[in-house]
Amino acid sequence: MSLARALTFVELELRRLRHDPTEVFTRAVQPILWIGVFGTVMARVRAIPTGGVDYLTFITPGVLMQSSSFIAMAYGIMLVWERESGILKKVLTLPLSRLTVVLGRSLAGAARALTQLFVILLVAVPLGAKLDLSPIALALAVLALLVGAAGLTALSILLATFMKTRERFMGILQAITMPLFFASNAIYPIEVMPAPLQAFSRVNPLTYVIQALREALVYSNPLACLQSIVDISLFSLAMIALATLLLGKIVE
Amino acid sequence: MPNGFAVRAENLVKVYEGTVRALDGVTLSVEEGELRAIVGPNGAGKTTLMRILTTQIKPTSGDAWVLGRHVVREAGKVRSAIGYVPQEFSVWNDLTGYENLLVYAKLYGIPRDRRKRVIEEMLEFMELKEAANRLVRTYSGGMIRRLELAIALMVKPRVLFLDEPTIGLDPRARALVWSRVLEYRKEYGATVVFNTHYMEEAEKYSEVVTMMNRGRVVAEGGPSDLAKAVGEGDLVSLSLEGDVAKALEALSRVPGLAVASAKNPVLVRVENAQRQLPYLMEALMGNGVRVKEVGIRRPTLEDVFVKLTGMTVEEAEALGFRGAAAMRRAIRRGG
C-alpha cells in the first residue's frame with residue numbers, strides 16, 4: 001500500500017472537478033432549500049427540541065452531512081461507468097494493491113463530498129447559523145467529514161461491485177440515502193423518534209458524523225468530537241476492508 | 001515453474017456463472033521478444049484469456065505465467081512487468097491528455113524527477129505533443145489509442161498486451177498505431193501479444209498466430225505456415241450461374257485440384273492458377289456450366305479458419321452469438 005499513490009486518486013478527482021465544477025453547485029441546491037426554507041420556517045415554529053440551540057444552527061451540520069453523504073454514496077456510479085469503459089480493467093493491471101485502489105477512491109469520493117462544507121457554510125452563516133469557525137473547529141469538521149465520507153464512498157464502491165448497471169445502482173442508491181438521512185439526527189434529535197427508529201439511528205453512521213460536526217461547529221467540544229471521529233473511523237475502516245476484499249468481483 | 005517464456009498458459013479454463021465456458025483448456029507459449037497474434041471470431045475467448053494473463057480475473061482452473069511469474073500467486077510481480085491496453089477506452093475523457101499521463105505516471109509510481117521527462121518523451125513518440133493540453137473528449141479514436149499506448153509504454157514494459165488495438169479505427173489511424181507498436185518493440189525488444197478479429201492484421205503484423213474458436217486453440221504457427229496448412233498453391237473462387245452439382249462433377253475430372261468450399265461461389269485449390277485456369281474453365285464450359293466471375297488469391301488465415309472449423313468467421317460469430325450474448329450477461333452479473 002502506498003499513500004502517495006492512493007492520494008493520486010484524490011488529485012485525479014480534483015482535476016476533474018476543476019474542469020467541470022457543476023456538481024459542486026447542483027448538489028448545493030437541495031441543502032440550500034433545507035437550510036433556507038425548511039430551517040427558517042421550522043425555527044419560527046419552535047416545534048423541535050434542540051437543547052437550547054436555535055434550529056437553523058442545529059440543522060446546518062445535519063444538512064451538510066446529508067449533502068456530503070449523497071455525493072459520497074453516488075461515487076460508485078463512477079465505478080459502474082469505469083467498469084463499462086476500460087478504465088477499471090486498466091487500473092486493476094497497474095502495480096497497485098487493491099487496498100491502495102479502494103483507499104484512494106474512497107478518499108477521492110470524500111474530497112468531492114468535502115466541497116459541500118464550504119458551500120454550506122457560505123449559505124448558512126449569512127442566514128444566521130451561529131457556528132464556531134475557529135481553525136480548530138473547522139479542522140475537526142473537515143476531519144470528521146473526510147473520515148465519514150470516505151467510509152460511505154467505500155460502501156458505495158461495495159454496492160457498485162454488486163449492482164453492475166447504472167439503473168440498478170441508482171435504484172439502490174435512492175433506497176438507501178433517504179432513509180439514512182431521515183433515520184439520523186440530521187434534522188431532529190434522535191430522542192424524539194419512536195424506539196425502533198432510535199435503535200436504527202444509533203447504528204446509522206450518519207448519526208455519528210453529524211454528532212461530530214455538531215461537537216466541532218456548534219458545541220465547541222474538541223474532545224467529544226475526536227471521540228466521535230474514532231467511532232466513525234471504525235465504520236470507515238470496516239467498509240474499506242470489505243470493499244478491498246470484494247473489489248475483484250467488480251470486473252468478473 | 002516454466003521459465004524462459006514471456007507467456008505460458010497451461011490448460012486454462014474459465015467458467016462464468018458456473019455455466020458459460022469462455023475458456024476450455026487453453027495451452028500456449030510465447031517466446032520472449034515474440035510478436036504474437038491471437039485471432040478468432042468474437043466470443044472465441046480471446047479477451048477472457050488476456051484478462052487472466054493481465055491478472056484482472058482468476059482462471060477457474062489451470063495455470064499461467066508471465067515472465068515466469070504466476071498470474072494468480074505473483075500477480076503483483078506480473079503487474080510490474082506488463083503494459084496493457086484494453087479493448088474499451090481506458091482514459092478519463094474529462095481530463096487532458098497530459099493529465100491522463102500524469103495521473104497514470106503517479107499510479108505507476110514513476111519517481112517525480114523522471115515523470116516529466118517520461119511524459120514528454122511519450123507525447124513525442126506518439127505524436128501527441130500538440131494535443132497534449134486538450135481534453136481527451138476532443139480526441140479522435142486514433143489519438144485516444146495512441147494516448148493509451150503512451151500510458152502503457154511509460155514504464156517500458158517487457159511484455160505488452162493489446163486487446164483489439166485497432167478496432168473501429170480507419171486505415172490511416174490503424175497504420176500509425178502499428179508503426180508505433182513495432183517501433184517500440186524494435187527499440188526495447190519487448191514481447192507483444194495482441195488480440196484481433198481482423199485476420200489480415202494478424203497476417204501482416206505477427207510472427208506467430210494462435211487461432212481460437214469457442215474457448216479453444218484450433219491452430220498455431222507462423223501466418224504463412226498456417227496458410228500452407230490449407231494447402232500449397234492458389235485459391236480460385238468461381239461464381240457460378242446455375243447448377244453447382246454439375247460444376248463440381250466437371251471439376252472432379254481436373255487433375256491437381258481440390259475443392260475447398262462446395263457452396264456457390266465455389267472455392268478450389270490448385271498448385272498454380274496461372275497454368276491450370278484454362279483447363280479448369282474448359283472443363284466447366286464443356287459440362288455446360290456458366291461462370292460469372294473468377295477470382296485468384298493466396299490462401300489467408302480466414303481460409304485456415306474455414307478449413308479447421310468448417311465455418312466462416314461470420315458463421316462462427318452468428319452461431320456463437322447466443323453463447324456470446326449469454327456470456328456477456330453472465331460477466332455483467334458477475335458470476
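Nothing in this text is a laboratory measurement; each read-out follows from the coordinates by a stated rule. Because the structure is predicted, anything quoted here is derived from the model rather than measured. Methodologically, a virtual Cβ is constructed for each residue, glycine included, from the backbone with ideal geometry; neighbour enumeration extends over all protein chains shown.
Counting only residues 5 or more places away or on other chains, whose amide H sits under 5 Å from the amide H of B:ALA219 once H atoms are built in the peptide plane?
Distant-sequence amide H within range of B:ALA219: B:MET211.
When every alpha-carbon pair in chain B is counted, what percent end up more than 25 Å apart? Walk me through the intermediate numbers first.
Details: 32749 of 55945 pairs.
When all Cα pairs of chain B are counted, 59 percent exceed 25 Å.
How large is ³J(HN,Hα) for each residue in region A:46-62, as worked out from phi by the Karplus curve 6.51 cos²θ - 1.76 cosθ + 1.60 (θ = phi - 60°), to whole Hz, x for Gly and Pro?
Karplus values, whole Hz, x for Gly and Pro: 6, 8, 10, x, 10, x, x, 9, 5, 4, 4, 5, 4, 7, 4, x, x.
Per residue, how big is the convex hull of region A:137-192 when only Cα atoms are used? Give it in Å³. Before the final figure, lay out the partial values.
On the way: hull volume 5.5 nm³, N = 56.
Here the figure is 99 Å³ per residue.
I'd like the Kirkwood hydrodynamic radius of region B:1-156, using the inverse of the mean 1/r over distinct C-alpha pairs, in Å. Please list the in-between numbers first.
Numbers: mean 1/r = 0.0584 Å⁻¹.
Result for region B:1-156, one decimal place: 17.1 Å.
Counting alpha carbon pairs within less than 8 Å and at least 6 residues apart, what relative contact order, in whole percent, applies to chain B?
On the way: 614 pairs, mean separation 70.2, N = 335.
Answer for chain B is 21 percent.
Non-local amide H neighbours of B:LEU160 (under 5 Å, H modeled in plane, Pro and chain starts lacking H): which ones?
B:GLY83, B:THR191, B:VAL192, B:VAL193
How much of the pair distance distribution for the protein assembly as shown lies past 40 Å, counting alpha-carbon pairs only, in percent?
In whole percent, the share of Cα-Cα pairs in the protein assembly as shown beyond 40 Å is 42.
Rg and Dmax of region B:69-186 over Cα atoms: what are they, in angstrom?
In order Rg, Dmax, the Cα atoms of region B:69-186 give 13.9, 42 Å.
Let me understand region B:255-322 better: what is its radius of gyration from the alpha carbons, and its Dmax, in angstrom?
Considering region B:255-322 through its Cα atoms, Rg and Dmax are 14.4, 46 Å.
Using all alpha carbons of region A:57-159, what is the percent of pairwise distances in each 5 Å bin, ordered from the shortest bin to the longest?
Spelled out bin by bin, region A:57-159 gives 3, 13, 20, 21, 15, 11, 8, 6, 4, 1, 0 percent.
About the Cα centre of region B:151-209, how large is the charge dipole given +1 on each Lys and Arg Cβ and -1 on each Asp and Glu Cβ? Please answer in debye to the nearest 20.
Details: 8 positive and 9 negative charges, 62 e Å.
Roughly 300 debye for region B:151-209.
So if R0 is 30 Å, what FRET efficiency would A:ARG18 and A:VAL142 give, r being the distance between their Cβ atoms, rounded to the nearest 0.05? Intermediate values should be presented prior to the final figure.
Working: r = 19 Å, r/R0 = 0.65.
Efficiency at R0 = 30 Å is approximately 0.95.
May I ask you to derive the FRET efficiency for B:VAL13 and A:GLN174 from their Cβ-Cβ distance with R0 = 41 Å, giving the value to the nearest 0.05? Each step should come with its number before you reach the end.
Details: r = 40 Å, r/R0 = 0.97.
That gives a FRET efficiency of 0.55.
Expected output is a single nm value to one decimal: the length gained when fully extending between B:ARG73 and B:SER252, i.e. 0.36 nm times separation in residues minus the C-alpha distance. What is it?
Working: separation 179, 0.36 × 179 = 64.44 nm, distance 5.78 nm.
Gain in length upon complete extension: 58.7 nm.
Considering just Cα atoms, how many Å³ per residue does the convex hull of region A:102-252 enclose?
Hull volume normalised by residue count: 123 Å³.
List, largest first, the extents of the alpha carbons of region A:164-220 along their principal axes, each in whole Å.
43, 27, 16
In nm, to one decimal, how far is the B:LYS204 label point from the A:ARG98 one, both placed 7 Å along Cα→Cβ?
4.1 nm
At q = 0.22, 0.29 Å⁻¹, what is the base-10 log of I(q)/I(0) for region B:1-52 according to the Debye formula with one equal point scatterer per Cα and no solvent? Please give it to two decimals.
Here log10 of I(q) over I(0) equals -0.88, -1.23.
Specify which residue in the list A:VAL209, A:PHE162, A:VAL192 is farthest towards the positive end of the charge dipole of region A:72-209, using unit charges on the beta carbon of Lys, Arg (+1) and Asp, Glu (-1), about the Cα centre.
A:PHE162
How big is the convex hull of the Cα atoms of region B:154-227, per residue, in Å³?
Details: hull volume 8.0 nm³, N = 74.
Taking the convex hull of the Cα positions in region B:154-227, it is 108 Å³ per residue.
Suppose each label sits 7 Å from its Cα in the direction of the beta carbon; what would the A:PHE182-B:MET311 distance come out to in nanometres?
5.4 nm
Give the lysines whose C-alpha is closer than 18 Å to that of B:LYS307, dropping any in the same chain fewer than 8 places away, or say none.
Answer for B:LYS307, where 18 Å is the Cα cut-off: B:LYS228, B:LYS263, listed by chain and number.
Which value, in debye to the nearest 20, describes the size of the charge dipole of region A:73-149 about its Cα centre when Lys and Arg Cβ atoms bear +1, Asp and Glu Cβ atoms bear -1, and nothing else is charged? Let's see the in-between values first.
Values: 7 positive and 3 negative charges, 52 e Å.
So the dipole magnitude of region A:73-149 works out to roughly 260 debye.
Binning every alpha carbon pair distance of region B:138-293 at 5 Å from zero, what are the percents per bin?
Answer for region B:138-293: a P(r) of 2, 8, 14, 14, 11, 10, 10, 9, 8, 6, 5, 2, 1, 0 percent.
If only Cα atoms are counted, what is the Rg of region B:199-245, and what is its Dmax, in Å?
14.8, 42
To the nearest Å, what is the center-to-center distance of region B:83-128 and region A:167-185, using C-alpha atoms only?
37 Å
Any idea what the relative contact order of chain A is, in percent, if you count C-alpha pairs under 8 Å spaced at least 6 apart? Don't skip to the answer; put the middle values down first.
On the way: 355 pairs, mean separation 70.5, N = 252.
Here the relative contact order equals 28 percent.
Given a cut-off of 27 Å, name the pairs among B:LYS77/B:LYS186; A:LYS164/B:LYS156; A:LYS249/B:LYS204 whose C-alpha atoms lie farther apart than that in the structure shown.
On the way: B:LYS77/B:LYS186 24 Å; A:LYS164/B:LYS156 34 Å; A:LYS249/B:LYS204 37 Å.
Correct reply: A:LYS164/B:LYS156; A:LYS249/B:LYS204.
Could you point to the residue in A:VAL37, A:VAL91, B:ILE82 farthest towards the positive end of the protein assembly as shown's charge dipole, with +1 and -1 charges on the Cβ of Lys/Arg and Asp/Glu respectively?
After comparing all options, I get A:VAL37.
Among the aspartates and glutamates, which have Cα under 16 Å from the Cα of B:LYS246 when same-chain residues fewer than 8 positions away are ignored?
Leaving aside aspartates and glutamates fewer than 8 places away in the same chain, those within reach of B:LYS246 are B:GLU282.
Evaluate E = 1/(1 + (r/R0)^6) for A:ARG202 and A:SER2, where r is the Cβ-Cβ distance and R0 equals 35 Å; express this FRET efficiency to the nearest 0.05. Please list the in-between numbers first.
Numbers: r = 36 Å, r/R0 = 1.04.
For A:ARG202 and A:SER2, the calculated efficiency is 0.45.
What does the convex hull of the alpha-carbon atoms of chain A project to on average, in nm²? Write down the numbers at each step before the final one.
Details: hull surface 53.9 nm².
Average projection, Cα convex hull of chain A: 13.5 nm².
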